[in-house]
Structure formats: structure tokens, C-alpha cells
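Visitor: One structure, pasted below without further comment.
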Amino acid sequence: MAKVKCGLIQMALKGDGSMKPDDIRDRMIEAHIPYIEDAAKQGVQVLCFQEVFTQPYFCPSQDRKWYAAAEKIPDGYTTKLMQEYAKKYNMVIVVPLYEEHMIGVYYNTAAVIDADGKYLGKYRKTHIPQVDPGFYEKFFFKPGNSGWPVFETAYLKLGVYICYDRHFPEGWRALALNGADYIVNPSATVAGLSKYLWELEQPASAAANGVYIGAINRIGKEEPWASTHNMGEFYGSSYIVNPRGAIEAQASYGDDELLVHEIDLDMVREVRDTWQFFRDRRPETYGPLVGQ
């Protein structure tokens, strides 16, 4: 059987929004390193961090200082550092970052690094919310158009879909049709309506597409936005769901945590051969949908 051990890291912000972006980045990386090392000890082969893992979720503000948090990919500091850890531990690492494409053009991006440390490519968040109060992402992120890449890693075929993307079923389907066995969804999601959707949409998408999904969420309240924008609390509860839509492993509501779980890729074939959703879909009838 083709089994792969996967890891997800959920974490609270180390510091607060009054700090400089570089100082927060350094604190967050320092806090993640012991978890990366623990993942290696537990034999994790594919590891993913939360959305924009080096920074707070700064989108409740419209403060231009956060543009300074953006890094080049793959030539920036954090991607290069994670390439070293990937190679050291023979581990695929998905690294969600604020990306500077050029001055004035910034994306919400995840870099994908193979187990030999090679940079494989990136996925840029496709759907960008602008929801009042507190989710002013269009101020910071340009919508990506990555073409639904699936990365041929050392251990499995990997797709990435970021946070708000998960509300749109088209991307899950596109990644699955492009060959993904396992799709990660790094997120920054606060309690409220989304808590109900958190354990509804991704299991449904896993079942509809016959894939494993790793859902990662940050934890805790982040200041000053929790107080000034009533942002609530990031609730963690990261999990891995199988191609039948069953959650197989889940992290706590509110603690820094490394979730480790072994997935069985043979289930992808078993489920797809049983349900045959891809055989029975009718793309020739769906044309009008994309024009609406």
C-alpha cells in the first residue's frame, strides 16, 4: 500500500501587530523550527504551515506597512531557509507566504519544496475576499491565476488551495482532474459562520473529488485587530480528511500543535473506482456556467 505520513502545523502569532514585519517573521520562523524538527523525528514526509505563516493576519487593517512583509519567491529569505530544512529532513514542505512579485504587486502564495530541497513552484490564492468588517484582502493581494498546478513531489501528487478558495468547488475539481492525490488548504479563519463551514466544505470536497485534504488554521486572538475590529479568535481545529469525506485526524481548538497522520493513497483509487464521479461528469453541458 502507498502510505504517506503528512503533517500540519497550527500556531498562534508570536508578537503583535505593533511590531515590524521582519521581527514577526523571525519570531514565527523560530517558533516553527522545533515543530519542523519534531515532524522529522516522527517521519513526516509532507508538511504544511498555515496561511501567510510568517506574519499576522493583517487584513483587518489597511496599513501599507504590511507591504514590507512580502518576500520574493523563490529567492526570498524564508523560501531559501525552508529549502534547507526540506533537504535536511528529506521532507516536502508547503510554505505559505506573502509574495512580492514586483513593487506594488503582491500575492497570497504558497511555495512548494520537494524532499531534496528543490523548489517545485508556487500556487497563488485565486479568490480574494473583501468582506466588512475585517477582511480587506484586496488591499493587500492581487488575485492569482496559477492554472491549478499539481506538483509531482517525492511522495505524492500535491495540490494547494488557500483559505477563502475553499468556498469555490471549481478549484478542488480542477486540482483533482489535474492529478492531485492530496490537497492542502492553509487558512486564517475566525470563529463564526465559518466554523460550521470548516467541517462541512472540505469533507464534502474530498468526497466529491476522491482526494485527501489537509486543512490548516491558525489559532488565538491577534492584536490590535481582535479588539479594534472585533475579529474574534482563530480556532485551529486543523484536520486531515479522506476521500470518503471522513475526518481521520484533527488538532485541538486552541493550541500550538503539530498534527501528524498517515494517509493511504490506495484509498484514492478505491473511492474513485467505486463512485466514478469523473467518468459520469458531463463537462460538455457545463459551458453556460462559466459565462454567468
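The values are calculated or read from the model by the stated rules, or taken from the named source; none is laboratory data. Everything numeric here is computed off the predicted structure, so don't read it as measured data. Ideal geometry is used to build each Cβ from the backbone, glycine not excepted, and the neighbour counts take in all protein chains shown.
Visitor: Tell me, yes or no, whether segment 108-124 has at least one residue that is out of contact with any Pro (no Cβ under 9 Å at 6 or more places or on another chain), closer than 19 Å to Thr189 by Cβ and either buried (at least 17 other Cβ atoms within 10 Å of the Cβ) or of a type in the set (D, E, K, R) (or both).
Guide: Checked segment 108-124: no residue is out of contact with any Pro (no Cβ under 9 Å at 6 or more places or on another chain), closer than 19 Å to Thr189 by Cβ and either buried (at least 17 other Cβ atoms within 10 Å of the Cβ) or of a type in the set (D, E, K, R) (or both).
Visitor: Report yes if Tyr85 is modelled with pLDDT of 95 or more, surrounded by fewer than 22 Cβ atoms within 10 Å (Cβ to Cβ) and among the hydroxyl-bearing types (Ser, Thr, Tyr), otherwise no.
Guide: yes
Visitor: Only one residue in Met19, Met28 is without any contact (Cβ under 8 Å) to a residue 40 or more places away in the chain and closer than 30 Å to Ala154 by Cα, so which one is that? It would help to see each step written out before you state the result.
Guide: Working: Met19 fails: closer than 30 Å to Ala154 by Cα.
Within the list Met19, Met28, the selection yields Met28.
Visitor: So, one more: Thr79 versus (1) among the polar types (S, T, N, Q); (2) assigned to a loop (DSSP other than H, G, I, E, B); (3) under 16 Å from the mean Cα position of the chain (by Cα): which is the lone unmet condition?
Guide: (2)
Visitor: Sticking with this structure for a sec: Taking segment 139-174 only, how many residues are touching a helix residue (DSSP H, G or I) at 6+ places or on another chain (Cβ under 8 Å), of a type outside the set (Lys, Arg) and not in a strand (DSSP E or B)?
Guide: Residues that pass the stated criteria total 10.
Visitor: Inside segment 167-196, can you point out the residues that are among the basic types (Lys, Arg) and either touching a residue at least 40 places away in the same chain (Cβ under 8 Å) or loosely packed, with under 14 Cβ neighbours inside 10 Å (or both)?
Guide: Residues of segment 167-196 among the basic types (Lys, Arg): 173, 195.
The answer is Lys195, and nothing else.
Visitor: How many of the residues making up segment 5-14 are hydrophobic (A, V, I, L, M, F, W, C) and surrounded by fewer than 21 Cβ atoms within 10 Å (Cβ to Cβ)?
Guide: We begin by selecting, within segment 5-14, every residue hydrophobic (A, V, I, L, M, F, W, C); these are 6, 8-9, 11-13.
The next check asks that each one be surrounded by fewer than 21 Cβ atoms within 10 Å (Cβ to Cβ); those that pass are 12.
Here the count works out to 1.
Visitor: Go through segment 263-292 residue by residue and tally those that are surrounded by 15 or more Cβ atoms within 10 Å (Cβ to Cβ) and either in a strand (DSSP E or B) or not aliphatic (A, V, I, L, M) (or both).
Guide: Summing the residues that are surrounded by 15 or more Cβ atoms within 10 Å (Cβ to Cβ) and either in a strand (DSSP E or B) or not aliphatic (A, V, I, L, M) (or both) in segment 263-292 gives 5.
Visitor: Count, please, the residues in segment 15-29 that happen to be crowded, with 20+ Cβ neighbours inside 10 Å, over 17 Å from Gly76 (Cβ atoms) and at pLDDT 95 or above.
Guide: Looking only at that region, the number is 0.
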